[in-house]
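Okay, structure first, notes after.
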Amino acid sequence: MTNLQKMKTGQTLGSIAALGLSLTCAPGQNLLLNGSFELGSFSVNDGFADRMYLGNGATDITGWIVGHGSGNFWWLSDPDYNAENGSYCVDLDSNGQTPYTSISQTFSTTVGMSYSASAWFSSEGNGAATANVLINGNVIGSVSVGSGTGESSSYWIDLAWTNATFTFTASSTNTTLTFQDDTPGPFTGLWPNPLVDNASVVAVPEPSIVGLASLGVFTLACWRRRRMLRGRPRKRHISFICHGPPRRTETEDPFACRIRVH
């Protein structure tokens, strides 16, 4: 193999190995913008501290659009509400009124590829709250969470958060993820509302791709080891072979020796 061929082989195997590392080691990229609801124009506009009311169709939270009927939607902030990640989370406060309160985002996908949708959920109110996860209007999962505090207060500083993850296969190049309240009623006192935070959507690599990438990493390791062994200097052994025939004269060397290198 010529030096040029060796160089091209190394470049090819290096590319396969890089693909393998990117698929098997690097975490998946979140396809959602502002998954923790940290970005946007937040300002308290309600009688309660650290929360902002948003109307139907509002886009104040960067990347997201709010939907609700006669219910409410609240953008919550610390210190009165402890978010799962960062300083903000959202409250889907339908109060049993349809259409149920929701928040949605549309992102790019590849048709036929599998994806994992994940988020953290909690409850504001005394009782269990339920939230649905929808893809393009179809429910792919449902989450029920209990109250984080158990106290009859409008301030919730010790919310308990629960993670839930669901998978789906993209059927179009643009996909809409929706979190929607689905809490049944009626309730007395405070109505439990589902809270959402730290949402993400990541692509799920196909097993065949991961296997191919892993094979590439293994092949590169073997190829490099083989080159290393080929380039290593060979060990040389020196042996002395001596024999002593009978001397014919007084000045003759009594031993005749050979040095053999192998």
Q: Determine, yes or no, whether Ala58 is surrounded by 18 or more Cβ atoms within 10 Å (Cβ to Cβ) and in a loop (DSSP other than H, G, I, E, B).
A: yes
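Given the structure, is Ala160 modelled with pLDDT of 95 or more, of a type outside the set (Asp, Glu) and touching a strand residue (DSSP E or B) at 6+ places or on another chain (Cβ under 7 Å)? Outline the logic, then answer.
On the way: modelled with pLDDT of 95 or more: no; of a type outside the set (Asp, Glu): yes; touching a strand residue (DSSP E or B) at 6+ places or on another chain (Cβ under 7 Å): yes.
No: the conditions fail for Ala160.
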Q: Would you please list the contacts, defined by Cβ atoms under 9 Å and residues six or more apart or on different chains, that run from a residue in segment 100-112 that is on the phi > 0 side of the Ramachandran plot and loosely packed, with under 15 Cβ neighbours inside 10 Å to a residue that is modelled with pLDDT of 95 or more and not aromatic (Phe, Trp, Tyr)?
A: Gly112/Thr169; Gly112/Ala170; Gly112/Ser171
Q | Odd one out for Ile61, checked against (1) free of Cβ contacts under 8 Å to residues at least 24 places away in the same chain; (2) closer than 25 Å to Ile135 by Cβ | A | (1)
(Q) Please pick out the residue among Gly71, Gly67 that is more than 30 Å from Thr173 (Cβ to Cβ) and over 26 Å from the mean Cα position of the chain (by Cα). (A) Gly71
Q.
Just to check your reading of the model, which residue among Leu54, Leu32 is within 17 Å of the chain's Cα centre (by Cα) and at pLDDT 85 or above?
A. Leu32
(Q) What pairs come out if I take residues in segment 128-155 that are on the phi > 0 side of the Ramachandran plot and modelled with pLDDT under 95 and pair them with residues that are surrounded by 15 or more Cβ atoms within 10 Å (Cβ to Cβ) and part of a strand (DSSP E or B) whose C-beta lies under 9 Å away, six or more apart or interchain? (A) none
Q | Subset of segment 84-98 that is modelled with pLDDT of 95 or more and in a loop (DSSP other than H, G, I, E, B) - its residue that is nearest to the chain's Cα centre (by Cα) | A | Asn85
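The values are calculated or read from the model by the stated rules, or taken from the named source; none is laboratory data. What you see is a predicted model; the values in this text were computed from it and never measured. Glycine also receives a Cβ, built like all others from the backbone with ideal geometry; neighbour counts cover every protein chain displayed.
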